[in-house]
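Only one structure is covered here, and it is reproduced in the block below.
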Amino acid sequence: MVAVYSARFGSLEGRKPKYFPIISEPLPRLVGVLNLRFVAKMKIAFLAIAVSACDMMGSGKVTPVIKRGPPAAALEKPEDVERVGELVPKDNSYANKMTSVSLTVSGTCITQSVAVSVSVTNATVKVTLDCDENSGEFGSTLDLSTVPDGEVEIGFAFLKTKTSTSPIYELTRTIIKDTEEPPTFTVPASLSESQSRAITINEVEGAALYRTIFTPSGGGAAIGPIETTTTSVPVTGLTVGTNYTVSVSVLDAAGNKTEATNTGTFLKTDLDPPTGMSILVAGGAAYTTSTTVNLTLAATDASAMYITNTAGCGSGGSWETFSTSKAGWSLAQTNATATVYAKFRDDAGNETSCVSDTIIHDDVVPT
């Protein structure tokens, strides 16, 4: 162990003492020096030894106190912590077949750094980037084409000088290199819409995202890509009665892309029943003395209606052309609460639920 000490020399005449460093020596040799004894007469200069960085123990042994500076990895300024957190690439991000040959590395330099050394662990890929004098930003790309797929460690070393070999701060980001594309796949030749207003395409192993494009067969602007994480693709924005060509591509978690080897066809049909249904008996009156009444009906996009006195609209009536009124309907109940039911249908055959209205029939003369 090597210790550094200082000596103070002065005289008995009150003159200001002077300090002189003693060159670092191995501890045993220095202790030997300290054991020297000086015999002096009156007014002969004396030697006073002041030992720094040591504790004088009761046993007479000298114990050096070793002081260490702050660790290089310590970031004291909040803005530096934020800058380090925003470095690109992020941990667990991906480099795919396209981006791995030109992977973006960027960020903002921390305090006192003028350059950043960016390197790939266990690889020859390395670049030293200058910090912009005004913004402090740096940026470039790395070619990872020679680095095998899997986890890749990218080191950032912030340098006080561009040629420095001892960074003032360094860290490592781990990304995932994946250049394998998803397997080839096909699209069903003919696609049909489900009641959930979606079509179902084939599942692809390893796919993280499906992109579907609908192109009108008769010409016109394509719709999409519609992006989904499952094989169910919504078609609510397509035009009813239009034939579409369907093309699909998939991306894996890394962003590698594969397009289907074929296209499918899809005819957008109307699966939505009429809306805004209602029926009024005798214009909404509360009472009637007649067993026949006029009905007022309403439904948007309806082409047919089914009127009955049977609850649930399951029987007792027949489909007829939709009209907003029907005269002379016979009530099923007399001198009681009578109910009339109706449902509606559009040209595509979509039926509504059953709606109803009531009226009290009373033709008994008071006595």
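The values are calculated or read from the model by the stated rules, or taken from the named source; none is laboratory data. Everything numeric here is computed off the predicted structure, so don't read it as measured data. Keep in mind that these areas ignore ligands, DNA and RNA; they rest on the heavy atoms of the full protein, side chains included. Shrake-Rupley method; radii C 1.70, N 1.55, O 1.52, S 1.80 Å.
Projected area of region 257-344, taken from the Cα convex hull and averaged over every viewing direction, in nm²?
9.1
The alpha carbon convex hull volume per residue for region 307-367 rounds to 90 Å³. Could you tell me how many cubic angstrom of Cα convex hull volume region 217-367 has per residue? In region 217-367, the Cα hull volume divided by residue count equals 154 Å³.
Considering all different alpha carbon pairs of region 67-210, the Kirkwood hydrodynamic radius works out to 17.9 Å.
Rounded to the nearest whole Hz, the Karplus-based 3J(HN,Hα) values (6.51 cos²θ - 1.76 cosθ + 1.60, θ = phi - 60°) of region 199-210 follow the sequence 10, 10, 9, 6, 7, 10, 4, x, 6, 9, 8, 10, with x at glycine and proline. Residues MET277, MET305, ordered by accessible area of protein heavy atoms at a 1.4 angstrom probe radius and largest first, appear as MET277, MET305. Nonpolar atom fraction for region 314-367, defined as the carbon and sulfur part of the 1.4 Å probe accessible area, stands at 46 percent.
Taking all protein chains together and rolling a 1.4 Å probe, LEU142 ends up with roughly 0 Å² accessible.
Solvent-accessible area assigned to carbon and sulfur over region 214-297 amounts to 53 percent, based on a 1.4 Å probe. A full extension of the chain between SER217 and SER192 corresponds to an added length of 7.4 nm, given 0.36 nm per residue minus the alpha carbon distance.
With a probe of 1.4 Å, find how much accessible area region 155-252 has per residue, and write the answer as a whole number in Å².
Roughly 51 Å² per residue, with all protein chains present.
Size descriptors for region 125-276: radius of gyration and Dmax over Cα atoms are 23.9, 77 Å.
Under 5 Å between amide hydrogens, built in the peptide plane, is the criterion, and for SER93 it picks out ILE176 among residues at least 5 positions away or on other chains. Every Cα-Cα pair of region 91-154 was included, and the share exceeding 21 Å stands at 27 percent.
GLU181 sits with roughly 90 Å² accessible to a 1.4 Å probe, with DNA, RNA and ligands left out of the calculation.
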